[in-house]
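What follows draws every value from the coordinates through simple rules; no lab data is involved. None of the values given here were measured: they were computed from a predicted structure. Cβ atoms come from the backbone with ideal geometry, glycine included; neighbour counts cover every protein chain shown.
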Amino acid sequence: MKSEKAEPARIVVLISGSGSNMQAIAESCAKKELDGEIVAVISNRPEVMGLQRAKEFEIATDVVDHTEFSSREEFDANLIRAIDEHTPDLVVLAGFMRILTSDFVRRYKGRMLNIHPSLLPKYKGLNTHQRALDAGDKEAGVTVHFVSEDLDGGANIIQAVVPVLDDDDEGTLRSRVQIQEHVIYPIAVKWFVEGRLSLNKGDAYFDDKPLPIQGLQLK
Ligand code: GAR
């Protein structure tokens, strides 16, 4: 994609909360580590910290409050309108805690990424850190993947693996994983804007070669 256009890739980030991953990507853009620009941050919750962070980076913000719509379809249709106003090349889900309709997912197929705090395909859904602790796992981590219609089930791009320590609780494990989130999400976005990532028949490719099931792993 990058080679066809002189301008930085246009990135729209969807958030529901703190926005620390959005900030990591915004910092990478600001430092020109990746040739992209976050053109808008859209939240489904008003007054979250991520909106404040976006304003500090002088990024346009918008709120599409899911509680104002009577159905998922109606919410997603309004979200699509808010996103498409910014003509994005890439849509980044960064702690966006809504289940999306198939129509929404299909619209941005191959150009929508998500970050999930587990070593997918392990622990789709919620409470990932506690589930890893309860299972006695020795390793935990985080995954960036393409978004598909299967919740947390799209093709993996990159994972960071961290150790689970004997005295970990949910909070300590979450903090260790989050440090890695802020490393791997900017990397995945960089690869995307450089045109190195693609999705073909549900599989992720890096430099035209299929990625392993777990994606590229940083240990
Ligand atoms: C991150 O830990 C991310 O992995 C998780 O939400 C957090 C958002 O933090 N995402 C999910 O659980 C998605 N299923 P942030 O708002 O500070 O980036």
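Along the axis of the charge dipole computed for the chain (Cβ charges of +1 for Lys and Arg, -1 for Asp and Glu, origin at the Cα centre), the listed residues P46, T67, V189 are led at the positive end by V189.
For the chain, modelled as a GNM whose springs connect Cα atoms under 10 angstrom apart, the maximal fluctuation among S148, S18, S71 occurs at S71. Per-residue Cβ neighbour counts within 10 Å put T128, T101 in the sequence T101, T128, beginning with the fewest.
The radius of gyration of the Cα set in segment 94-158, together with its Dmax, comes out at 12.3, 39 angstrom. In terms of Cα atoms, the Rg and Dmax of segment 26-117 work out to 13.4, 41 Å. Using only side-chain charges placed at the Cβ, +1 for Lys and Arg and -1 for Asp and Glu, the dipole size of the chain relative to its Cα centre rounds to 460 debye. Build a GNM of the chain with springs between Cα atoms under 10 Å apart, and of A135, A94, A24 the one that fluctuates most is A135.
Say R0 is 30 Å: what FRET efficiency, to the nearest 0.05, do A30 and A82 get from their beta-carbon distance? That pair, A30 with A82, gives E of 0.80.
Between segment 29-64 and segment 157-219, what's the alpha-carbon centroid distance in Å? Each part's Cα centre sits 22 Å from the other's.
P(r) for segment 102-208, from all Cα pairs and a bin width of 10 Å, is 15, 44, 29, 11, 1 %, short bins first. In whole angstrom, segment 164-208 maps to an equivalent ellipsoid with semi-axes of 31, 12, 7, each derived as √(5λ) from the alpha carbon gyration tensor and ordered largest first.
Let's test the formula: R0 of 22 Å, r as the Cβ-Cβ distance of D208 and E7. What FRET efficiency results, to the nearest 0.05?
0.35
Two numbers describe the Cα atoms of the chain: Rg and Dmax, which are 16.7, 51 Å. What net charge is computed for the residues neighbouring P46, neighbours being all others with C-beta under 12 Å from the C-beta of P46, Lys and Arg scored +1, Asp and Glu -1? Value of the local net charge: -3. I need the Debye-formula profile for segment 15-58: one equal scatterer per C-alpha, no solvent, reported as log10 I(q)/I(0) at q = 0.16, 0.20, 0.24 1/Å, two decimals. Reported log10 I(q)/I(0), two decimals: -0.37, -0.56, -0.77.
Taking 0.36 nm per residue of separation and subtracting the Cα-Cα distance, full extension of the segment from Q217 to E47 would add 57.7 nm.
Full extension of the chain between F69 and L165 yields a length gain of 30.2 nm, computed as 0.36 nm times the residue separation minus the alpha carbon distance. Here Y108, Y205 are placed in order of increasing Cβ neighbour count within 10 Å, fewest first, which gives Y205, Y108.
Computed from point charges on the beta carbon alone (+1 for Lys and Arg, -1 for Asp and Glu), the dipole magnitude for segment 118-200 about its Cα centre is near 340 Debye.
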